[in-house]
Amino acid sequence: MKKLVVFVSILFVLPWSVFAAVDSVKVSGDITSQAVTRDLSLGAASSGDSSDFLTMQARVRFDAALTEGVSAVVQFINERLWGAEGVSNTDIDLDLAYLQIKEFLTPAATLIVGRQNLHYGSGLIVGDPDTNQTASGAVPAAVMSDLSLRKSFDAARLILDYSPYIVDLVYAKVAEGTANIDDDVTLFGFNVSYAWNSYNGLTDFYFFGSENAPNITVQDEKSKTYVIGTRTQFTPNDHLGVSLEGAYQFGDRRNSSTSHQHLNAYAIGAGADYKFLDEHNSFEDQSAGEIANILFANSNYQLFNIHGSFMPREDLTLGALYSKLYLAEKIPSSVAASYSPSVGPASGNTYVIKNSNKDLGDEIDLYAVYDYTEDVQFKLTSACFIPGSWFSSVNDDTAYSFKGSVKVAF
């Protein structure tokens, strides 16, 4: 990694005329420090106690505008705990590194190749490879995976702009295995967007597939997952916004060399936000509870949110989020009556559950954001999760989290 950093640094130091004619180079970035205290044990004696730690996240980005519609972006990132000194946690990692060519072969086409962020629709299917349930190996995953800022894929995209239609073709390498064995994890698919002539409407139709073949040579034994879906959003008036999304998943999951599991699942999301457009800029939106995102994977549950915020003054935003969670399907009685998140900050905890119940619990999040200047922002966040009847009496204590952060952008 250090050799890569040195190499990229040389590219910026040497005369640009050697490589390309550069119109401009823009340097930007941000630094965020957070103090966090939280308890995810739900009262279980076998689970860990409360955690108290401080974090630092720093990003530096270079945008180079070249000639003939060509541009390049390189961004470095470091995420670590305060007091953690070592090669792994003070390393500088490559977060973004891509080139963009507009009017590629045709005026309607844009080609983007390299490490880049991918996000389609609401991010239900493709939007974040570094979710709250997992994180890059460079992040202290067991402590702060839910706080990670890494969102990039190694991918190639071809965007075709035939307004009001935009077609986005994508191929990404999610994980590289052994070079001479067909064991990589790949992502491929397309997203077609249609912009309405009225109501600021937008409709997406997408298809994505993923293949994974762990150290095997038989092509038919790959795990293959496919998702087809659509999403619509529009604003019938200045105050109201509405969105609806549905996706269907199918394919086959390889459990062993002789066992496959057929996939048959779906997801539906509906949302509405109302902007009062008053002097306090009050509004509502949809988002997920902080602790719920740590405790549960984004599968087999129903989520209901109410989110509102307002600005009592120009530089201060206050907000609240209430979440209610239910299992979509009960856990079979044949499964052990215990639950352990597979990865993330709560992965070391084991919770006793009741397979006959579906009520996961309730969460209340509160936050305050103070814009000290245009460049500096302070934020306070609190969250509490109240276990539902799915958890047994030994795990019915409230989980909590408090965070204070300061961020500077340049």
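In the stretch 219-280, counting only strands (runs of 3 or more DSSP E) that sit wholly within it, the ones holding 1 or more residues that are modelled with pLDDT under 90 and surrounded by fewer than 16 Cβ atoms within 10 Å (Cβ to Cβ) span 240-254, 260-274. The number of residues in the stretch 320-354 being more than 23 Å from the chain's Cα centre (by Cα), modelled with pLDDT under 85 and small (Gly, Ala, Ser) comes to 3.
Within the stretch 132-153, identify whether any single residue is of a type in the set (A, V, I, L, M, F, W, C), part of a strand (DSSP E or B) and either at pLDDT 85 or above or out of contact with any Ser or Thr (no Cβ under 7 Å at 6 or more places or on another chain) (or both), and answer yes or no. Within the stretch 132-153 (the criterion being of a type in the set (A, V, I, L, M, F, W, C), part of a strand (DSSP E or B) and either at pLDDT 85 or above or out of contact with any Ser or Thr (no Cβ under 7 Å at 6 or more places or on another chain) (or both)), the answer is yes, since at least one residue qualifies. I'd like the full set of residues that are among the hydroxyl-bearing types (Ser, Thr, Tyr) and closer than 16 Å to VAL126 by Cα, limited to the stretch 233-256. Answer for the stretch 233-256, where residues must be among the hydroxyl-bearing types (Ser, Thr, Tyr) and closer than 16 Å to VAL126 by Cα: just TYR248.
Being under 18 Å from PHE410 (Cα atoms) and not aromatic (Phe, Trp, Tyr) is the filter here, so list the residues in the stretch 360-378 that pass it. Don't jump to the end; show me each part of the working.
Taking the stretch 360-378 as the starting set, the residues that turn out to be under 18 Å from PHE410 (Cα atoms) are 370-378.
Hits for the stretch 360-378 are ASP371, THR373, GLU374, ASP375, VAL376, GLN377.
Here GLY319, GLY308 are screened, and the one residue that is closer than 17 Å to THR381 by Cβ and surrounded by fewer than 17 Cβ atoms within 10 Å (Cβ to Cβ) is GLY308.
Inspection of the stretch 374-382 identifies at least one residue that is surrounded by fewer than 18 Cβ atoms within 10 Å (Cβ to Cβ) and not in a strand (DSSP E or B). Residues in the stretch 304-346 that are within 15 Å of ILE386 (Cβ to Cβ) and of a type outside the set (Gly, Ala, Ser): PHE304, LEU321, TYR322, LYS324, LEU325, TYR326. Being surrounded by 13 or more Cβ atoms within 10 Å (Cβ to Cβ), hydroxyl-bearing (Ser, Thr, Tyr) and farther than 30 Å from ILE31 by Cα: is that true of THR398 here? So THR398 fits the description; yes.
Out of the stretch 56-69, which residues are β-branched (Val, Ile, Thr) and modelled with pLDDT under 95? Talk me through it step by step, then tell me what you get.
Going residue by residue through the stretch 56-69, those that are β-branched (Val, Ile, Thr) are 60, 67.
Scanning the stretch 56-69 gives a single hit, THR67.
Hey, does the stretch 389-400 have a residue that's outside any strand (DSSP E or B), more than 21 Å from GLN57 (Cβ to Cβ), among the aliphatic types (A, V, I, L, M) and in contact with a Leu (Cβ under 9 Å, 6 or more places away or on another chain)? Scanning the stretch 389-400 turns up at least one residue that is outside any strand (DSSP E or B), more than 21 Å from GLN57 (Cβ to Cβ), among the aliphatic types (A, V, I, L, M) and in contact with a Leu (Cβ under 9 Å, 6 or more places away or on another chain). Checking the stated criteria, LEU321 turns out to be touching a residue at least 24 places away in the same chain (Cβ under 8 Å), aliphatic (A, V, I, L, M), closer than 16 Å to GLY271 by Cβ and not in a loop (DSSP other than H, G, I, E, B).
Within the stretch 297-319, not a single residue is at pLDDT below 90 and of a type in the set (Lys, Arg).
Among residues of the stretch 159-176 that are within 12 Å of THR106 (Cβ to Cβ) and part of a strand (DSSP E or B), those with a beta-carbon under 6 Å from a residue that is modelled with pLDDT of 95 or more and charged (D, E, K, R) at least six positions away or on a different chain give the pairs ILE159/ASP168.
Yes or no: LEU111 of a type in the set (A, V, I, L, M) and without any contact (Cβ under 8 Å) to a residue 12 or more places away in the chain? Against the criterion (of a type in the set (A, V, I, L, M) and without any contact (Cβ under 8 Å) to a residue 12 or more places away in the chain), LEU111 does not qualify. Cβ separations smaller than 9 Å between residues 6+ apart or across chains give the following pairs from the stretch 36-63 residues that are under 14 Å from PRO345 (Cα atoms) and part of a loop (DSSP other than H, G, I, E, B) to residues that are among the β-branched types (Val, Ile, Thr) and at pLDDT below 90: LEU40/ILE294; LEU42/VAL394; SER47/THR350.
Condition check for ASN357 on (1) outside any strand (DSSP E or B); (2) of a type outside the set (D, E, K, R); (3) crowded, with 18+ Cβ neighbours inside 10 Å: one failure, at (3). At pLDDT 85 or above, more than 20 Å from the chain's Cα centre (by Cα) and either assigned to a strand (DSSP E or B) or among the hydrophobic types (A, V, I, L, M, F, W, C) (or both): does that describe PHE76? Considered against the rule, which asks whether it is at pLDDT 85 or above, more than 20 Å from the chain's Cα centre (by Cα) and either assigned to a strand (DSSP E or B) or among the hydrophobic types (A, V, I, L, M, F, W, C) (or both), PHE76 comes out as no. Looking across the stretch 64-104, the residues that are of a type in the set (Asp, Glu) and in contact (Cβ under 8 Å) with a residue 60 or more places away in the chain come down to GLU79, ASP91, ASP93.
The values are calculated or read from the model by the stated rules, or taken from the named source; none is laboratory data. Computed from a prediction, not measured in an experiment: that's the story for all the values here. Don't worry about glycine lacking a Cβ; one is built from the backbone with ideal geometry, like all the others, and counts go over all protein chains shown.
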